[in-house]
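Contents: one structure, followed by commentary.
The values are calculated or read from the model by the stated rules, or taken from the named source; none is laboratory data. The model shown is predicted, which means the values in this text are computed figures rather than measured ones. Here the Cβ positions follow ideal geometry from the backbone for every residue, glycine too, while neighbour counts run over all protein chains shown.
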Amino acid sequence: MTVVIVGAGLAGATTAQALRDRGHDGEIVVLGAEDHLPYERPPLSKAVLLGDKEVDSAYVHDEAWWREHDIDVRTGTEVQSIDLAGRRVVTTTGEQPYEWLVLATGSEPRRLRLADESGRPVHYLRTMEDSVALKAALTQDTRVAVIGAGWIGLEVAAAARSAGAAVTVHETESLPLLAVLGPEVAQHFADLHRAHDVDLRLGAPVTSEDLAEADLVVVGIGVSPRTSLASAAGLEVDDGVLVDELLRTSDERILAIGDIASQQHPVLGRRVRVEHWDNAIGQGKAAAATILGAAESYAKLPYFFTDQYDLGMEYFGSVGPEGYDRVQTRGDFSGAFRAWWVKDDVVVAAMQANDWDASDEMRASVGQGPPSDS
Ligand SMILES: Cc1cc2nc3c(=O)[nH]c(=O)nc-3n(C[C@H](O)[C@H](O)[C@H](O)COP(=O)(O)OP(=O)(O)OC[C@H]3O[C@@H](n4cnc5c(N)ncnc54)[C@H](O)[C@@H]3O)c2cc1C
């Protein structure tokens, strides 16, 4: 049985590995547009950008590992179309038949024309090349304008400050990370960056005049799922590629996983599309289970982590479209800190900052009643 995986990112790599771990001995082909073996992206805005680790440390496995596991990773190979009836994909180098197809094409950064046309050097951050180029540009006294105070923008701001650059962050919302964290906890991130001398300019769109003051511009305004291959093939797509609890698309032989998958989540009871590292791994494993007939629904709750300056944080769960009633907190954000987002007396999301022993407890608190002593 030939399994073809489109996208040699973390989700695709994990599916291939999990198929072998579960004993699948058929052909596995991983087709990746980038010129790299599969790698992890989180270090690209953290350890690699800070200069603490070499970019090569981000590879999931070395070349020998893929060879030993008889997994055919074809880098520099872009899939151009899917022939559903003929069960084959057309690539830049030829055709490849499949019995099962896994789409793991990930996301691409949203572009900002104002920045692209600013005449300043503009950086986006998605690939190894992006990270290496940005790292080289972040030098002492460079004036860096970061557009977007989301996770990537704030991690870049922290790395740029550590390199001694002068950093301005522009954000249209009134606080960084407001949509994810709400005002109670988002305020702490604003305080954290201001304490590190970041010039946070909130509540107004960035202008060309702002960018004229900068030596370089970094755009971190979110990503779009790469769904064009799926929609051109006629698969059901709405924001992401629609998949069921077993990660199956509207075609019975095609799964979609990772950043592109909009999954009917069995625990949350709604569709979620999760653009995070842990989800790429979890859905990668679950896709292998589905292919091998294990029928295990993917029920893991969303999970995310970030590192900024001396702050390490983990976030579990998800605040739904109905929002939350209140946030309970314990501790001090500059030390060990915990927060619970509560809706109808149930914890819908929880986070810990610099309180790593609390990880398991915080994860387990989601779906339970709120803690009584905070
Ligand atoms: C700088 C950075 C930092 C991050 N930090 C964190 C973090 O701290 N915590 C966290 O939880 N998440 C983080 N993330 C998010 C996390 O990395 C993603 O959720 C994860 O990479 C998604 O994996 P994926 O395999 O779905 O997609 P991707 O990693 O995007 O991989 C998809 C691959 O498919 C390839 N591809 C696309 N189309 C085709 C095609 N037609 N043919 C062949 N190949 C194709 C792409 O080139 C790409 O290599 C970060 C992301 C970035 C960019």
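Of the residues examined, residue 35 is not one that is more than 9 Å from the ligand (Cβ to nearest atom) and either crowded, with 19+ Cβ neighbours inside 10 Å or not in a loop (DSSP other than H, G, I, E, B) (or both). No other residue among 58, 85 is out of contact with any strand residue (DSSP E or B) (no Cβ under 6 Å at 6 or more places or on another chain) and either aliphatic (A, V, I, L, M) or closer than 17 Å to residue 256 by Cβ (or both) apart from 85. In summary, residue 145 fulfils each of the numbered conditions (1) assigned by TED's automatic domain parsing to the domain that holds residue 10; (2) of a type in the set (A, V, I, L, M, F, W, C); (3) out of contact with any Gly (no Cβ under 7 Å at 6 or more places or on another chain) with the single exception of condition (1). Number of residues in segment 263-286 that are within 10 Å of the ligand (Cβ to nearest atom), without any contact (Cβ under 8 Å) to a residue 60 or more places away in the chain and assigned to a loop (DSSP other than H, G, I, E, B) equals 2. Of the residues examined, residue 272 is one that is of a type in the set (Val, Ile, Thr), surrounded by fewer than 20 Cβ atoms within 10 Å (Cβ to Cβ) and under 16 Å from the mean Cα position of the chain (by Cα).
Filtered by the rule that a residue be under 19 Å from residue 76 (Cα atoms) and either more than 9 Å from the ligand (Cβ to nearest atom) or surrounded by 21 or more Cβ atoms within 10 Å (Cβ to Cβ) (or both), segment 38-54 gives 38, 39, 41. Take the conditions more than 15 Å from residue 10 (Cβ to Cβ) and touching a residue at least 24 places away in the same chain (Cβ under 8 Å) and apply them to residue 291. Does it pass? Yes; evaluated as a whole, the condition is true for this residue. Taken together, the residues in segment 11-29 that are under 21 Å from residue 276 (Cβ atoms) and crowded, with 24+ Cβ neighbours inside 10 Å amount to 6.
Go through segment 58-81 and give me each residue that's under 18 Å from the mean Cα position of the chain (by Cα) and of a type outside the set (Phe, Trp, Tyr). Selection gives 58, 60.
Residues checked against (1) under 21 Å from residue 10 (Cα atoms); (2) free of Cβ contacts under 8 Å to residues at least 60 places away in the same chain; (3) in the same structural domain as residue 244 (by TED's automatic domain parsing):
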site	(1), (2), (3)
51	no, no, yes
60	yes, yes, yes
63	yes, yes, yes
69	yes, yes, yes
73	yes, no, yes
79	yes, no, yes
103	yes, no, yes
